Amino acid sequence: MDTTQWLTYNNAAFGFALEYPDSFVVLREPPGAPAAPLVERVRFLEQFLAESETRDLHPPNFHIEIFARPAGGTLRQWLASSGQVPAGAAIEAFAIAGASESLRVADPKLIAPNEFYYAAGDRYIYKLTPIGDAGPRMLASFRIAAPR
């Protein structure tokens, strides 16, 4: 996949950045969303889908959910206590730049998406859901920095 025309999305408030195709747009959340314990959601969708009347029916090409990180405990403990890991799911270590801990959760009972990536930063836990051809490259470019 040619990435020469990719853009960089920086989110200083929540301390992360990633690259994405220039054919994608960032979808904004409606006022009042998201509901706790989720503190932020960022979605990337192909522009032609985002401009369609059915935009809200399409799953995003890349989805980031951000949760406040509780003091103490590991990412694995948070996953278990927050209900993020369904029965039968496999958990394995996965490297994400800037994360103190990161894990891949694969749920064989789901068709797609069935892989979710979690990364722990100092203040937040990031849940990343890549879908489609650009997903692996976007995931590989995701990095955590200190939020402002």
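A few comments on the model shown:
- Full-stretch length increase - residue 141, residue 110 - with 0.36 nm per residue and alpha-carbon distance subtracted: 8.6 nm
- Length available on full extension from residue 76 to residue 23: 0.36 nm per residue minus the Cα-Cα distance, which gives 15.6 nm.
- Sorted largest first, the principal axis extents computed over the alpha-carbon atoms of the range 1-119 equal 40, 35, 34 Å.
- Here the peptides 84-91, 50-57, 73-80 are ranked by packing, the mean other Cβ count within 10 Å, and the order with the highest first is 73-80, 84-91, 50-57.
- Distance between the 7 Å Cα→Cβ label points at residue 52 and residue 7: 2.0 nm.
- Accessible-area ranking of 133, 107, largest first, probe 1.4 Å: 133, 107
- Residue-normalised accessible area of the range 9-148, given per residue in Å² at a 1.4 Å probe: 53 Å²
- Tensor-based shape of the range 100-148 (alpha-carbon gyration tensor, a/c under 1.5 rounded, otherwise prolate or oblate): oblate
- Using every pair of separate Cα atoms, the Kirkwood estimate puts the hydrodynamic radius of the range 51-148 at 14.3 angstrom.
The values are calculated or read from the model by the stated rules, or taken from the named source; none is laboratory data. Everything numeric in this text was worked out from a predicted model, so none of it was measured. So basically every Cβ, Gly included, is an ideal-geometry build from the backbone, and we count neighbours across all protein chains shown. Note: areas computed on protein heavy atoms with side chains; ligands, DNA, RNA excluded. Shrake-Rupley method; radii C 1.70, N 1.55, O 1.52, S 1.80 Å.
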